[in-house]
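Structure incoming, see below.
The values are calculated or read from the model by the stated rules, or taken from the named source; none is laboratory data. From a predicted model like this one, the values you see are computed outputs, not experimental measurements. No Cβ is skipped: glycine too gets one built from the backbone with ideal geometry, and neighbour counts run over all protein chains shown.
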Amino acid sequence: MTFSEGRKTYPVHNLSMYGVGISINDPKIFEIGDILKGVRIEFTDRFFSVDTRVVHISLHNDGKTLICGMEIVNTYDAGYIDWMTRVIAEMK
């Protein structure tokens, strides 16, 4: 699963119904409070366009990976909630 913003793609570290955490290599890529419009959360067989708000940038428990946590503030696809409900249930 990946997260694409413009021409840059980031691996998804974690996912919930209302947020996404991506792995980043530079803490200055995003700032807390940034709104990212029209980014893509891409699965193997489907993608969704969403708007997100950066809520944190922190070091993961492994001590190496930087995680950028984003709240999903808008979705452009009516099927997003149903799809995510299924994906989250499968992850549990």
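Mind listing just one residue for me: the one in region 9-50 that is assigned to a loop (DSSP other than H, G, I, E, B) and among the aromatic types (Phe, Trp, Tyr) and, of those, surrounded by the fewest Cβ atoms within 10 Å (Cβ to Cβ)?
TYR18
While we're looking at this one, here's another question. For THR75, are the conditions met, namely being polar (S, T, N, Q) and without any contact (Cβ under 8 Å) to a residue 40 or more places away in the chain?
It is true that THR75 is polar (S, T, N, Q) and without any contact (Cβ under 8 Å) to a residue 40 or more places away in the chain.
Shifting gears a bit: Take the conditions among the acidic types (Asp, Glu) and at pLDDT below 95 and apply them to ASP77. Does it pass?
Yes.
Would you confirm, using the coordinates I've provided, whether PHE3 is part of a loop (DSSP other than H, G, I, E, B) and either touching an Asp or Glu at 6+ places or on another chain (Cβ under 8 Å) or surrounded by 16 or more Cβ atoms within 10 Å (Cβ to Cβ) (or both)?
It is false that PHE3 is part of a loop (DSSP other than H, G, I, E, B) and either touching an Asp or Glu at 6+ places or on another chain (Cβ under 8 Å) or surrounded by 16 or more Cβ atoms within 10 Å (Cβ to Cβ) (or both).
Which of the residues that make up region 51-62 are surrounded by fewer than 16 Cβ atoms within 10 Å (Cβ to Cβ) and modelled with pLDDT of 95 or more?
Those that are surrounded by fewer than 16 Cβ atoms within 10 Å (Cβ to Cβ) and modelled with pLDDT of 95 or more: VAL55, HIS56.
Identify all residues within region 1-56 that are farther than 17 Å from ILE72 by Cβ and of a type in the set (Val, Ile, Thr); write none if there are none.
Matches in region 1-56: THR9, ILE24, ILE29, THR44.
Just one of (1) small (Gly, Ala, Ser); (2) surrounded by 13 or more Cβ atoms within 10 Å (Cβ to Cβ); (3) not in a strand (DSSP E or B) trips up ALA89, so point out which.
(2)
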